[in-house]
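Laboratory data are not the source of any read-out in this text; all were calculated from the coordinates shown. Source: prediction; values computed, not measured. Because the Cβ atoms are built from the backbone with ideal geometry, glycine has one as well, and the counts that use them run over all protein chains shown.
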Amino acid sequence: MVEEKKIWKKCTEELSKVLSEKEMRTWINPLAVKYSESGIKLLAPNKFMKDEIEKKFMEQIMVVVGQVGTNMDVSLNVESIVKPEKTVEVPRGFRTNLNKDMNFDTFVEGKSNQLAKAACLSVINEPGMFNPLYIYGGVGLGKTHLLHSIGNQLDKENKRVVYLHSEKFVQNMVTALRNSQMDEFKKFYRNLDVLLIDDIQFFAGKERSQEEFFHTFNALFEYKKQVVLTCDKYPKEITGLEDRIKSRLVWGMNVCIDPPDLETRVAILQSKSDALGSPISTEVAFFLAKNINSNVRELEGNLRRVVATSRFKKCDITLEFTKETLADLLSLNQRMITIEQIQKVTANYYKTRVSDMLSSKRDKKITLPRHMAMALCKDLTNNSLPSIGDGFGGRDHTTVLHANKKIIKLKNEDSQIAQDYINIVHILNNG
Ligand code: ADP
Ligand code: MG
């Protein structure tokens with residue numbers, strides 16, 4: 001029989017014959033071991049690892065323990081959480097990489113980003129509650145803005161918080177590797193209160209970085225430190241990211257940011273134009289919001305263009321002036337989304353026919369798609385109400401108005417319909 005202290009060592013040797021090097025490195029080597037009256041106590045660094053090991057390897061571990069000639073019991077627990085080293089003062093030269101302009105005050109809330117913002121606020125009030133908080137959505141929808149908002153707020157509260165784009169994280173790691181400073185690298189991250197990492201889709205395919213990130217990230221969880229991540233996709237959809245990381249990501253809270261609806265786009269434009277010192281009229285704001293419906297970055301870019309041109313030419317920002325300034329963009333947009341396209345996509349989405357949508361049929365299966373399509377035409381195209389009415393089998397403009405009101409009401413009352421609206425806009429924008 002093997003001497004007690006060496007049992008686990010022997011077991012790992014046996015396990016390494018049946019498990020891959022990677023499995024050993026990820027799951028088995030991090031286990032600590034204690035021997036007691038009741039048997040061998042294995043200690044996983046966190047609950048996540050414990051659960052995974054239980055599922056995947058526990059049986060093999062038992063077999064191996066039996067093989068090395070002991071009839072000791074094996075148990076698997078989570079190592080009691082080590083108290084973080086008392087974080088003293090924030091060291092000199094400590095960089096948070098935060099952009100002061102991106103904060104909660106400058107973030108305009110709307111239906112599309114409400115949940116994400118609420119989750120960010122709860123992270124500030126109760127760090128560690130959702131860990132990790134994972135914010136995902138298309139480009140230019142405010143993910144980076146929210147990360148900085150969290151960071152700025154926590155920075156005010158003297159928390160150690162760092163914002164990093166995932167590419168920068170990888171760069172820092174490569175530098176640390178090259179200078180044999182991996183220990184300092186790890187220590188730095190593990191001593192943070194909150195780590196904000198942007199655009200983690202960049203980790204996809206970078207094995208070594210994924211591994212280091214995973215360990216850093218687990219260590220932060222251990223210490224109950226908050227991690228907030230953003231990505232352009234839901235974890236399961238990221239290709240080239242290891243499964244164990246994906247499953248870890250879905251553990252905390254996942255919130256999606258959708259493209260802003262018309263009202264929110266208008267509110268964003270008004271807030272940004274005020275901030276630029278050139279407030280625009282509601283008329284101009286609506287015009288811009290209707291014509292630029294993809295994302296906030298574009299909305300902002302075009303607003304800046306209008307404001308800059310107006311200063312340069314010393315003109316007021318009237319509707320005419322705005323149309324002129326953005327003429328190239330507008331003609332492009334008009335080519336892009338038409339009444340016919342909206343009808344086609346909406347009919348398809350609801351599995352009905354365009355001809356029914358244009359007919360006088362009134363059963364519910366057809367009225368919802370019809371109202372939805374009309375509302376979308378009002379929101380997304382430049383057509384007047386009468387011409388939208390015309391496009392729907394010669395209906396009156398009041399019918400279009402009614403349909404639009406109806407959809408606004410339904411979107412507020414029925415989350416499925418709100419989601420339908422978002423989905424159809426998405427299909428229209430992305431083909
Ligand atoms: P993402 O990281 O999702 O690609 P960003 O956070 O970089 O998007 O947002 C793009 C631009 O739009 C930034 O200038 C940001 O400040 C602005 N922005 C996005 N959402 C909002 C919002 N809800 N309110 C105010 N500004 C916003
Ligand atoms: Mg971003």
*Using a cut-off of 17 Å between alpha-carbon atoms, which lysines can reach Lys323, once sequence neighbours fewer than 8 places away in the same chain are excluded?*
Lys290, Lys313, Lys314
*Among the listed pairs Lys111/Lys233; Lys117/Lys168; Lys143/Lys236, give every one whose C-alpha distance is greater than 30 Å.*
none
*For Lys409 and Asp274 in the same chain, what is the full-extension length gain: residue separation times 0.36 nm, less their Cα-Cα distance, in nm?*
45.7 nm
_About the Cα centre, charge dipole magnitude for the chain (Lys/Arg +1, Asp/Glu -1 at Cβ), debye_ = 340 debye
*asked:* Under a Cβ-only charge scheme (Lys and Arg +1, Asp and Glu -1), can you give me the dipole magnitude of region 10-52 about the Cα centre, in debye to the nearest 20?
replied: 120 debye
*What are the ³J(HN,Hα) values, in whole Hz, obtained from phi via the Karplus relation 6.51 cos²θ - 1.76 cosθ + 1.60 with θ = phi - 60°, for each residue of region 375-382 in sequence order, with x given for Gly and Pro?*
4, 5, 4, 5, 6, 10, 10, 9
